[in-house]
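A.B. asks: Let me begin by handing over the structure; questions about it come next.
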């Protein structure tokens, strides 16, 4: 009897691969776990995806969609094998319409490529995940990607007007539309966004675009102590003016960056980076406004940057924080927890406690404005003892976050990495609701199996 | 045998009513159709709602939730009878937390009351439907209410962090949470928001609050011709600075207001009202910025207002537009269609065509910034001929909007009013998707029956 992989080869000689090289390439994302699929499918059109899903549905074959493979939680790892669908060949920008403020794209478009393209037309696609030059719009939709600018501009979901989705049985549904406001039926668009490939395969995305702000400005401030930085963050957020971004970094992050850069980073224990954008007059005025607030909290160093190039320099130095952690050679467990803002100080203290108690380096930095702090546990993964310690520390971290009414993930999703805490984070009744919806849309459970539903 | 209404009386002597007066009061909303329920239930707690739903589920009794009854589409009308659940006694503001930027409320809280309360604490709840002093947060959640400020600030959905929902079988699910970013599972919060009471009954709402902007300013501009106003709108929206609100009104709206106010409104054919808010410096700068743009399009009259009181005066005069239409004594069919912005001019022209072709007054005004224009057909409802003409005109209107990739409703929802065009507006496959989700969550179809699924 012909194997199903052989059958797919015959049906899609150019679009289906089972080469060892491909199987291994598509076995993993940016997290720790890998599992090779039985085959990789490279659709070039919606019709290809429909044909694949009809095939998979009739035979009960598992299908896991994949964007740029930059996820931090193993969401795109085909834990039960089957077919990985890589959308890299569906990367056309079909339309950019300046007056409607709309772009229509295929899922494989690189987010940064779209941003550059629309910017050249005076338009703005705000979501800015760290992997913006490698991740895809399709992947951003699957994970509801965020980034620093989401404080003012919102996450990916806020920019998705409509989707074309191939469902598990190969049928095609269009949800949402092309207008900014739309009250026609249930909000199925938001349901698919962030559903981690478990409800359908997105083949076309209609995005909302803004017009590009004329000017931006940044403030970079170092404080002697973290409590000053946190009070400053709260004061900024109660000022009535929302910055575009408001990032924070703790002592261990700065220390690591200081070692990495051999002294470029000054010897202080907390850092804030603020960005504001808008009309030229407003930006000049607001940067004064924010600087005045920051000065109340006696920063040890304060740098102002006006204009894109000057701001970019400050952001580059912030990106060093992440790079220096990676350069340590240790495995970086990047936990994107989110807490209500009144718990920011508690979260930072918890990081210090985990560090002293478990003997692991714990570096906290991220999006203070929305309480979304990346707690990075730096672990020598080669040692079993350290892996166990890390596991214990993660348990304490997630238990605390749940106790504080926080979210165990603010940007990355559940995937495999957060799966052990899914039952704790979400009540049984709410899990049942997830299951009902999953069952309704994917009755055979073939889409991205082995994940949280 | 005891009737189910008698049984509910016995179970809830103080909370269930079948008096003629109550049945008639809860038979209708702000639209044309009414149908008395068999009884009205006034829960005072989640437990009451759970008990009712357990009762209704076991006997297959229809349940229709109701907020302030200010909907424009008959969404809260119990078209198949059964129980209307009025949340007016569940109107507690449970918590306002300034640092977290969060409020926790029961569904019966009047939106305007919440806004005043949080404003006194320096906080801001942006969604501003016209009926803000009469509608409730629960109703806003059911309909995903909008308003002028949604251009910059987004609709109700963008402010709902978490919900407690009683499902059709009386089970309780908590969806979302208390954090601004949350990637834990599917976005069930957005699914319930705007679902018009067909998926569950919301008993607690966790809202996101901003801090109140220090200053606002407005510009009111009259133009000789509508095409100037539309070009001006497009220029503003491509300036890189998003106003808080950007409203437009056409010739017939202004004419009506002119007659109503006996000449207060100047004799021009198009009007724009713009609002901007932020820090004091930024507002002063941005109002100059926008005024400069508007002047390029040669307005006949231009008024600038700075500060809340002065702005309020300009908004009051805009509110006259709606009042003057109502004062005409005719029935106002308020169709909140939304079109891609490049179709604004076509939509206004269509209004003029419908007016001349069907001999009805058609007045267009509304939220130009997001393409959401209220097309008001003014009809002498006592005449059958006029009702038929209106029906024909509505067919042409909705057909055109669908052809232009618009939405047949941008704010009000489908309800009963838009039901005749539901099948045209949404593909069969997408309707099937709605049915699957409805079936999964409300298998007996007892929640707000007779609506779009």
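A.B. asks: Region A:25-39 to region A:40-71: how many Å between their Cα centroids?
C.D. replies: Taking the Cα centre of region A:40-71 as reference, the centre of region A:25-39 is 16 Å away.
A.B. asks: Suppose you put the label 7 Å out from Cα in the Cβ direction; list, shortest first and in nm with one decimal, how far residue B:259 is from each other copy's label.
C.D. replies: Those label-point separations list as 8.0 nm.
A.B. asks: Taking 2.2 N^0.38 Å as the expected size of a compact globular protein, what ratio does the Cα radius of gyration of region A:55-102 give against it, to two decimals?
C.D. replies: Normalised by 2.2 N^0.38 Å, the Cα Rg of region A:55-102 equals 1.62.
A.B. asks: To the nearest 0.05, how large is the calculated FRET efficiency for residue A:235 and residue B:259 if R₀ is 60 Å and r is the Cβ-Cβ distance?
C.D. replies: After rounding, the FRET efficiency stands at 0.70.
A.B. asks: Please state the equivalent ellipsoid semi-axes for chain A: what are the square roots of 5 times the Cα gyration tensor eigenvalues, largest first, in whole Å?
C.D. replies: Here the semi-axes work out to 38, 27, 19 Å.
A.B. asks: Still on this structure: Quick check on the protein assembly as shown: what are the equivalent-ellipsoid semi-axes from the Cα gyration tensor, as sqrt(5λ), descending, whole Å?
C.D. replies: 42, 34, 28
A.B. asks: Considering the alpha-carbon set of region A:329-442 alone, what are its Rg and its Dmax in angstrom?
C.D. replies: Both quantities, over Cα of region A:329-442: 15.0, 47 Å.
A.B. asks: Bin width 5 Å, origin at 0, all Cα-Cα pairs of region B:1-50: what percent of pairs per bin?
C.D. replies: In whole percents, the pair-distance histogram is 5, 19, 24, 22, 18, 9, 3, 0.
A.B. asks: With the cut-off at 1.5 for a/c, could you classify region B:4-86 from its C-alpha gyration tensor as rounded, prolate or oblate?
C.D. replies: Cα axes put region B:4-86 in the prolate bin.
A.B. asks: How would you order A:138-148, A:254-264 from highest to lowest mean count of nearby Cβ atoms within 10 Å?
C.D. replies: A:138-148, A:254-264
A.B. asks: Among the DSSP beta bridges whose two residues both lie in region A:34-168, what percent are antiparallel, rounded to the nearest 5?
C.D. replies: 40
A.B. asks: Turning to a different aspect of this structure: What gaps in nm, shortest first, separate residue B:116 from its twins in the other copies when you place the label 7 Å past Cα toward the beta carbon?
C.D. replies: 5.5
A.B. asks: Could you tell me what percent of the DSSP beta bridges with both partners in chain A are antiparallel, to the nearest 5?
C.D. replies: Here the antiparallel bridges make up roughly 90 percent for chain A.
A.B. asks: Rg to Rh for region B:134-220: what is it, with Cα atoms only and Rh by Kirkwood?
C.D. replies: For region B:134-220, the value is 1.03.
A.B. asks: Enter the angle in degrees (range 0 to 90, nearest 10) between the Cα long axis of helix A:428-441 and the first principal axis of the Cα atoms of chain A, meaning the one along which they spread out most.
C.D. replies: Value to nearest ten degrees: 40.
A.B. asks: Tell me, what is the percent relative contact order of region A:124-184, built from C-alpha pairs under 8 Å that lie six or more residues apart?
C.D. replies: 25
A.B. asks: Related question: Quote the FRET efficiency, to the nearest 0.05, computed for residue B:59 versus residue B:381 with a Förster distance R0 of 51 Å and r equal to the Cβ-Cβ distance.
C.D. replies: 0.85
A.B. asks: Next question, about the same structure. Evaluate the distance, in nm, between pseudo-label points positioned 7 Å from the Cα of residue B:300 and of residue A:323 along their respective Cα→Cβ axes.
C.D. replies: 6.1
A.B. asks: While we're looking at this one, here's another question. Specify the inter-centroid distance of region A:265-292 and region A:229-254, based on alpha-carbon positions, in whole Å.
C.D. replies: About 10 Å separates the Cα centre of region A:265-292 from the one of region A:229-254.
A.B. asks: Express the Stokes-Einstein translational diffusion coefficient of region A:326-370 in µm² s⁻¹, to the nearest whole number, given a Kirkwood radius over alpha-carbon pairs, 20 °C and a viscosity of 1.002 mPa s.
C.D. replies: Rounded to a whole number, D works out at 183 µm²/s.
A.B. asks: Measuring from label point to label point, each 7 Å out along Cα→Cβ, what is the residue B:10 to residue A:25 span in nm?
C.D. replies: Reported label-point gap for residue B:10 and residue A:25 is 7.3 nm.
A.B. asks: As a test, work out the antiparallel percent of DSSP beta bridges whose residues both lie in the protein assembly as shown, rounded to the nearest 5.
C.D. replies: Counting only bridges with both partners in the protein assembly as shown, antiparallel ones make up about 90 percent.
A.B. asks: In Å, what is the Rg of the alpha-carbon atoms in region B:166-211, and how long is Dmax?
C.D. replies: When restricted to the Cα atoms of region B:166-211, Rg and Dmax are 11.5, 39 Å.
A.B. asks: How far, in degrees from 0 to 90, does helix A:308-327 lean away from the longest principal axis of the Cα atoms of chain A, to the nearest 10?
C.D. replies: 70
A.B. asks: In nm to one decimal, list the spacings between the residue B:227 label point and its equivalents in the other copies, with label points set 7 Å along Cα to Cβ, shortest first.
C.D. replies: Sorted ascending, the copy-to-copy spacings read 6.7 nm.
A.B. asks: Roughly what percent of Cα-Cα pairs across region A:185-236 reach past 19 Å?
C.D. replies: That fraction is 63 percent.
A.B. asks: How many times 2.2 N^0.38 Å is the alpha carbon radius of gyration of region B:378-453?
C.D. replies: Relative to the 2.2 N^0.38 Å estimate, region B:378-453 comes out at 1.32.
A.B. asks: Another question, if that's okay. What's log10 of I(q)/I(0) for region B:202-311 at q = 0.18 Å⁻¹, Debye sum over Cα points only, no solvent?
C.D. replies: Scattering profile of region B:202-311, log10 relative to I(0): -0.88.
A.B. asks: Give me A:357, A:374 sorted ascending by neighbouring Cβ count inside 10 Å, so fewest comes first.
C.D. replies: The fewest-first ordering by Cβ neighbours comes to A:357, A:374.
No lab work stands behind these numbers, since they all come straight from the coordinates. Bear in mind the structure is a predicted one, so any value in this text is a computation, not a measurement. When we count neighbours, we look across all protein chains shown, and the Cβ atoms used for this are built from the backbone with ideal geometry, even at glycine.
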